[in-house]
Every structure is written in structure tokens, then in C-alpha cells.
Amino acid sequence: MLSILVLHGPNLNLLGKREPGVYGSATLDDIDRALKQDAERLQIKLTPFQSNHEGALIDAIHSALGQHQGILINPGAYTHTSVAIRDAIAAVAIPTVEVHLSNVYRREPFRHQSYIAPVAIGQISGFGTESYRLGLQALVHHLRQQNSA
Ligand code: DQA
């Protein structure tokens, strides 16, 4: 069975309370619950993990080796700053999809650069919880196509 690691970066534990005008009213638990339902339907295993610490996210990426076939990540603000998370994804070479709740390209210029996008298979931005659900669907589709090739 395919296994996907879902990584939520800094401040995403505050979803629901955090700038609801930008990020919506869904909590992180709501998002994980929706993804778990999708995972059942897609018949995959899903392991969600949130951290506010760059190193903990990097450790989780490293420990995905041999455990998970894909990574779905919302790196939060680390998207725009973290060469280290980008290098970790490149190092493990596990297919990764980057997602954002908000449309980062409609926001401040500093959010327009992603260090993660060049090592991701794709990016989905601007659809709230649906960004995660679409990202999961696209990742699973990619992995299944890869396996049948
Ligand atoms: C975010 C966008 C980032 O710019 C921001 O720092 C976040 C959340 C999003 O999901 O829209 O923390 O990744």
C-alpha cells in the first residue's frame, strides 16, 4: 500500500485562529481528517506531522526514506527561506508536492519565491483545504503512473 507523509510547517498548528481572512476557518485537525477520508478512498496510508521547527521537519523528511513513497508538504514560511528543507527533499529524492492554503502569488512579494518548488513535482496554491486534497490526489496519481510505467 502506498504510504504518504504529510508535513505541515510552522504556525499551521494555529489554523482556525490564525488570520482566518487569509487561511480560512478550518483547523489543522479538520484538514488531516479530510485527508484521512481521501486516503481511505484512495486506499493509501497517510502519516501527518506538524512542526514549528525546521530541523524537526528535516528529520521527518530523512526518516521518510524507506517508509513513505511520497511527501505532501505545506512548508509555511519556510517555503520562502529554507535551503535546508529544499536540500533534504532533494537528498531523499522522494516525490514531493508543495501546497499552500493561500495563493502566495497574490500576496507580498517575499512570498513569491519558493525554495521548495524546484525540487517538487508540482505546487498547488490558493484553494484552502482543497489545496491539500488536490495535492494528495495529484501525488497519488503521479506515484501510480510511475509504478505502472
Ligand atoms: C502558507 C503561505 C506562507 O507564505 C505562509 O508563511 C504560511 C502559510 C499557506 O499555506 O498559504 O505560513 O504556506
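The values are calculated or read from the model by the stated rules, or taken from the named source; none is laboratory data. These numbers come from a predicted model, not from an experiment. Ideal geometry is used to build each Cβ from the backbone, glycine not excepted, and the neighbour counts take in all protein chains shown.
For the reader, a short list of remarks on this structure follows.
- Ala60 exposed (fewer than 14 other Cβ atoms within 10 Å of the Cβ), closer than 19 Å to Leu136 by Cα and either of a type in the set (A, V, I, L, M, F, W, C) or at pLDDT 95 or above (or both): no
- Ala91 fulfils the conditions (1) within 15 Å of the ligand (Cβ to nearest atom); (2) within 25 Å of Ile44 (Cβ to Cβ) except for a single criterion, (1).
- Candidates are the residues of the stretch 104-132 that are polar (S, T, N, Q) and either near the ligand (Cβ under 8 Å from one of its atoms) or under 18 Å from Thr27 (Cα atoms) (or both); the one that is surrounded by the fewest Cβ atoms within 10 Å (Cβ to Cβ) is Thr129.
- Checked across the stretch 67-82, the condition of being more than 16 Å from the ligand (Cβ to nearest atom) and out of contact with any helix residue (DSSP H, G or I) (no Cβ under 8 Å at 6 or more places or on another chain) holds for at least one residue.
- Lys36 charged (D, E, K, R), assigned to a loop (DSSP other than H, G, I, E, B) and more than 11 Å from the ligand (Cβ to nearest atom): no
- Pair list, Cβ < 6 Å and 6+ apart or interchain, from the stretch 19-30 residues that are touching a residue at least 24 places away in the same chain (Cβ under 8 Å) and more than 15 Å from Val6 (Cβ to Cβ) to residues that are of a type in the set (A, V, I, L, M) and within 11 Å of the ligand (Cβ to nearest atom): Tyr23/Leu15; Tyr23/Leu101
- Among the residues of the stretch 39-57, those that are out of contact with any strand residue (DSSP E or B) (no Cβ under 6 Å at 6 or more places or on another chain), part of a helix (DSSP H, G or I) and closer than 18 Å to Val140 by Cα comprise Glu40, Arg41, Leu42.
- Some residue of the stretch 121-130 being closer than 22 Å to Pro20 by Cα, part of a loop (DSSP other than H, G, I, E, B) and out of contact with any strand residue (DSSP E or B) (no Cβ under 9 Å at 6 or more places or on another chain): yes
- Residue in the stretch 5-13 that is surrounded by 18 or more Cβ atoms within 10 Å (Cβ to Cβ) and part of a helix (DSSP H, G or I) present: yes
- Taking the stretch 35-88 as the range and being small (Gly, Ala, Ser) and over 23 Å from Tyr105 (Cβ atoms) as the test, the residues that pass are Ala39, Ser51, Gly55, Ala56, Ala60, Ser63, Ala64, Gly66, Gly70, Ala84, Ala88.
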